[in-house]
Amino acid sequence: MRVAIFRLKRMHSVDSTVLHVFEQFIRQMHEQDRHVIFCGVRQELLPILRSYGLVDLLGTDNVLLTGQGIFVSVKKAIERARVLLGSSIDATGVEIDDETEELTYEI
């Protein structure tokens, strides 16, 4: 695996243990000249990732906010992975619907 993409769309809260595991994983990937991309990042999660240092560790180009449609940030993450790898990935079999995602509420 040369690029790992984490879709964080459903992540509403995060604790220091999860942040630490992410940090260690990202550092290990970087040591092996590999990449990590976070996509679907909710606006309220961004300050937490930034304050822990993960945005700096990943690079701002590898942190993609959630979009207005279904899998918009996933498509952007795949395009980013192509840039990082010099277009050497094939995601032609990935079917992505462009319709707007329904709003959901969790209680």
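Worth pointing out:
- Long-range amide H partners of I37 with built H, under 5 Å: A4, I5, F6
- Accessible area of the range 1-92 belonging to carbon and sulfur atoms, whole % at 1.4 Å probe: 51
The values are calculated or read from the model by the stated rules, or taken from the named source; none is laboratory data. A quick note: this is a predicted structure, and the numbers were derived from the prediction, not measured. Only protein heavy atoms, including side chains, enter the accessible area calculation; ligands, DNA and RNA are left aside. Shrake-Rupley method; radii C 1.70, N 1.55, O 1.52, S 1.80 Å.
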